[in-house]
Amino acid sequence: MDGYMGDESNLSTAAPPRPLLPPKMKVGYNYPWIANLYGNHIGPNRWKEPPDSQKDPYWKEQKDSLARNLAALASMKIVVVRMFILCQGDNYRNDLTSYPSKVPAGKWDLPATLHPLFLEHFQKMLEDFQKAEIQIIPSLIDFHFPDWEDRDAIFTDTTKRDKFLDTVLDPLLKVSAGFRSTIFAWEVINEPSWLTRSISPPLNRKVTSVLSKSNMKAFLEKALAKIQDANFESTVGHRYLEDLDAFPTGTKRQFHFYWKRYTSWITTVTGPLDILPDPHPIPGFEQTKAFVGEIDSEPLGHGELWPECDGADVSLENCLFERLKLLARKKYELAMFWPDLKNSMDDSLSMSAKAQASLVRFTKGTFPNGIP
């Protein structure tokens, strides 16, 4: 009888090898403010006398530190950078006194208009991002904005809320219109839920500034509508995954992950009750439909070791690589990290050599089908 009569068990049934490709997941960087000038890095600088004497932004004094840092980030395959604009709003005030003069600024009230230096500096910032071919997520305010004075009025007083958004957000969106491809998304506020929690780890704020969820929702909805009406993608820098169900999110859903567990004084049969826990395991992208806006690049920074990394993120050399690898396996499209070093007045890149090496192991690596 003609034909093959051998043992077919020896024939290979192995799948063909998957091609090695760059990672599918993109990586972004949190460059929250220039140098050590939280609340003074765009617009008038209260560390100058007078504050509005600085016609060029601070980074120009530092030999174009922003452009230099963006070039370094681009060389490490960073594609998106998140940066705060007003921060806590220290230089957003009517009475622009300087810190060197030791003259009190007086009672804060909502300025009638935005100082023109905010818009001039913001345009120069966008020009640097455009040249670097890196997208930016401008974040309008930080959760520390109502820490003192009467700034919580932009959330609680509808007239002041509308005036704030009309005189601050609208002009910034108008400048952004000339840089559409440079804007990844406009962010309304960083981690707003801290302002609605009676138990809130960032405790350096006035106790009376605990806001109702309805006030925060109304503020977010109004701001997001303005961003979307200007034809930009919109986002909110939510701290917890559960915040995505409690508050508006914008068109680009975002949450932060630090694996930080806060233990309450309430004890159950299994021990102290965890409050505000980050999820374990981390849900995949198909469940969250979000990007991860902040993670630690150091093992014990804002948070703790990630249980799912099983100890592989214990060293600075491996931390960022292992955490990015985990998120990539969960099919996230973008993950952004917080740098491991403190800001310096010369605005040098806030990343150690070990953290940079850990980053490029991921961004410049190749993986089967682009997934580690």
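Against the chain, whose longest principal axis comes from its Cα atoms, helix 353-363 is set at around 60 degrees.
Comparing PRO138, PRO100, PRO339 in a Gaussian network model of the chain, where Cα atoms under 10 Å apart are tied by springs, the biggest mean-square fluctuation is seen for PRO100.
Estimated at 0.36 nm per residue, the fully extended path between MET345 and TRP148 surpasses their Cα-Cα distance by 68.4 nm.
With neighbour counts taken as other beta-carbon atoms within 10 Å, the residues GLU317, GLU294, GLU286 rank, fewest first, as GLU286, GLU317, GLU294.
Approximating the spin labels as points 7 Å out from Cα along Cα→Cβ, the THR158-to-THR251 distance works out to 2.7 nm.
Taking 0.36 nm per intervening residue step and subtracting the Cα-Cα distance, what contour gain separates VAL210 from HIS280 on full extension? Present the calculation step by step, with values, prior to reporting the outcome.
Values: separation 70, 0.36 × 70 = 25.20 nm, distance 2.80 nm.
Full extension of this stretch gives 22.4 nm more.
Of the chymotrypsin sites (Phe, Trp or Tyr not before Pro) in segment 126-181, the ones in a loop by DSSP (not H, G, I, E or B) with at most 16 other beta carbons within 10 Å are TRP148.
Between LYS107, LYS55, LYS289, the residue with the greatest mean-square fluctuation in the GNM of the chain (Cα pairs under 10 Å linked by springs) is LYS107. Distance between the modelled labels on LYS364 and ASP64, one decimal in nanometres: 2.3 nm (7 Å Cα→Cβ projection).
In which sequence would TYR240, TYR58 go, from the one with the fewest C-beta neighbours within 10 Å to the one with the most? Mind showing how you got there, number by number?
Values: TYR240 19, TYR58 23.
Least crowded to most crowded, the residues run TYR240, TYR58.
Helix 116-132 and the long axis of the chain differ in direction by around 20°, with both axes built from C-alpha atoms. For GLY370, nonlocal amide neighbours, meaning residues 5 or more places apart or on other chains whose placed amide H falls under 5 Å from its own, are LEU21. Ordered by the number of other Cβ atoms lying within 10 Å of each residue's own Cβ, fewest first, ARG323, ARG261 fall into the sequence ARG261, ARG323.
Between the helical axis of 213-229 and the longest alpha-carbon principal axis of the chain there is an angle of about 80 degrees. Comparing mean-square fluctuations of LYS260, LYS60, LYS160 from a GNM of the chain with C-alpha springs under 10 Å, the top value falls on LYS60. 222 nm [θ] for the chain, helices only, -39500 (n - 2.57) per DSSP H run of 4+, per residue, to 500? About -7500 deg cm²/dmol.
Annotation: amide H-H contacts under 5 Å for ALA230 (H modelled 1.01 Å from N, sequence separation of 5 or more, or interchain): none. Of the beta bridges in the chain, as assigned by DSSP with both residues counted there, near 20 percent are antiparallel.
Bear in mind these aren't lab numbers, they're just calculated from the coordinates by the rules spelled out. Everything quoted here is computed from the prediction, not taken from an experiment. Positions of Cβ are generated from backbone atoms using ideal geometry, with glycine treated the same way; all protein chains shown enter the neighbour counts.
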